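The structure under discussion appears below in the form of structure tokens.
The values are calculated or read from the model by the stated rules, or taken from the named source; none is laboratory data. In this text the structure is predicted, and so the values were computed from the model without any measurement. All Cβ positions, even for glycine, are placed from backbone atoms using ideal geometry, and neighbour counts span all protein chains on display. All accessible areas refer to the heavy atoms of the entire protein, side chains included, with ligands and DNA or RNA removed. Shrake-Rupley method; radii C 1.70, N 1.55, O 1.52, S 1.80 Å.
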Amino acid sequence: MNGQCYHFQQGSCRYGVACRFLHSAPPSDRQRRHSDRRSLGWPPAEEQGACSGTRNWSASEANISEVSEKTWSLRVMSYNVLADALAFEHAQDLYRDVHRSLLDFNNRIAKISMEVQQLMPDVLSLQEVDRPDDFVYNLSKLGYQYDYVERTGDKTDGCACFWNAAKLRCRDSKMINFADIGLRDNVAQILVLEDAESEGQRVVIANTHILFNPKRGDIKVAQIRIILEAVHDMRQQYGGTVPCMFMGDLNLTPDSALYSFIATGQLDCLSQDPRNMSGQQESRSSQQFSMRRRSYAPQASRNVRTAVHPEFVAPPPGLTRGGFDLRNLKPDCDPLGPSGRSVITGPALLVEENRALATPALLNSSGVAAATPALQYQGTPARAPQWAPPVLPPNSSSCQLPQHTPQRMLQNTQRFGSGRGRVGMDLEQLAIAHTREVYNPTTALEPILRHPLQLQSAYMEVTGVEPAFTSSHLRFHGTVDYIWYTPEAGNVTVVPRRVLDPPLDCANTGLPTANCPSDHVCIVCDFALMYKASPSA
């Protein structure tokens, strides 16, 4: 008679019922604590957590019956579905308390498809889709058509947008591959969807998954601005009066500078440290972020070296001429240097150096130099923003600043340095933040970054706050997924009627669970697009 299976007692027998040893004795409590969690995954899946998955709707008090001639209703959903490859890649650091059956893709996609079937959104934006054929197979049965964009690099997931073919049809689409302009391997998709039964009712949908790295706020804000500018351009192609919606996993929190940038349309790059712009909290110790042990608190800043983007092209000649180094400048100004001429420090030095680079023949009547190769970055035009601040007239004071340059630039030139003392972006990060799809040699690196859309958050508008959380695992618990929309577009008014609240009983269990198949929860909003009568009618 065969003896007891040692591996079963340790909780890690890989042969299961086919094992030739006995599996009659369950592992003791002590053995459970020291077992191999990769294959054991205690507690059992059916008992893990107390998350019921029950969710409630929060409705808006807005009354739309009296102000519109025609109303078009749309239900929009955004969902980071957790890529199959990433689920097991991070099984030990993010999901080590999750039963391995809950990470199995076949189990998860069945539950995701069930969620979609219960909610039946008109527009479904998915992120981290690395097995698109499985989603297409399941969702096509529900009447959805789709558009898919895969990331570049070594990651195999991407973004997918599905729409209800019985109600909508795709009129136009565009894909943004950020690797083409040196902004990592993220992608975005922009679609123009229109009513399948009537003409003139359209909406622009943007779906994306923004870079995760919390320390690269310069890349994050560049990605967001490029998407919003592309949405604006797509909108202009259809008369400039089409409502727009921007959604996805944006990897930023509601109290962050990037959130404010989307909501207000501008960002002061000189007052924001790119390492803290997204508001994300990341710790090397999972216990500090375990929801069962303690609350989340910002960690003390560490001495982290400023990363230089691999595609960044070095600043142009002239910014460090004459022995001046931007990282060693001091805010004071000595009227006379060793050579008897004025010595300029801080941003005024940049102005003076660029004026010295411009030959008199290239100065116009105002003393402002035209764009010349000496004032531009060298490299691929699509990846090479230009440093071209306005040049002072020859007869102006050497320490005078351009009108658009904040006075505090002189008082805080240490911001161009690196290390803990830096407050805002340095020149390299500012250049990355100004990256555009099409290189414009006349664009200057202004400290204020802007985007062209007026956006509101659907959840903020309906409930007055963002969701309590949209993502939860051992190292993070918070809100990073959003649905933004343009409230006014010509004769169209967009009103969010109600939003789906997160399952609050999952707040202390972490995700995924038996009822929540991803480490994110889907966010859903019912919109009413109200078409007013035209003035000529």
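Loop-located chymotrypsin sites (Phe, Trp or Tyr not before Pro) across segment 53-126 with a Cβ neighbour count of 11 or fewer within 10 Å are lacking, with loop assigned by DSSP. Taking the square roots of 5 times each eigenvalue of the Cα gyration tensor of segment 121-179, largest first, gives ellipsoid semi-axes of 21, 14, 7 Å. For V521, the accessible surface of its heavy atoms amounts to roughly 10 Å² (probe 1.4 Å, protein chains only, rounded to the nearest 10). Straight Cα distances below 29 angstrom link K155 to the lysines K111, K141, K174, K215, K220, with same-chain residues fewer than 8 positions distant left out. A P(r) calculated from all alpha carbon pairs of segment 105-237, with 10 Å bins opening at zero, reads 12, 39, 33, 15, 1 percent.
Each 10 Å bin, from zero up to the one with the longest distance, holds this percent of the alpha carbon pairs of segment 175-291: 13, 38, 30, 14, 5, 1. Considered as an equivalent ellipsoid built on the Cα gyration tensor, segment 466-537 has semi-axes of 36, 11, 8 Å, the largest given first.
Measuring with a 1.4 Å probe in the full set of protein chains, what accessible area per residue, in whole Å², belongs to segment 180-238?
27
Based only on Cα atoms, what mean projected area does the convex hull of segment 431-484 have, in nm²?
That works out to 6.2 nm².
Net charge around I112, counting only other residues with Cβ within less than 12 Å of its Cβ (Lys, Arg = +1; Asp, Glu = -1)?
-1
In sequence order, segment 510-521 has phi-based couplings of x, 10, x, 10, 5, 10, 10, x, 9, 7, 10, 9 Hz under the Karplus curve 6.51 cos²θ - 1.76 cosθ + 1.60, θ = phi - 60°, and Gly or Pro positions carry x. Surface listing: K141, K167 arranged by accessible area from highest to lowest gives K141, K167, probe 1.4 Å. The accessible area of E150, taken with all protein chains in place and a 1.4 Å probe, comes to roughly 100 Å².
Remark: the E488-F88 segment gains 139.7 nm on full extension, using 0.36 nm per residue and subtracting the alpha carbon distance.
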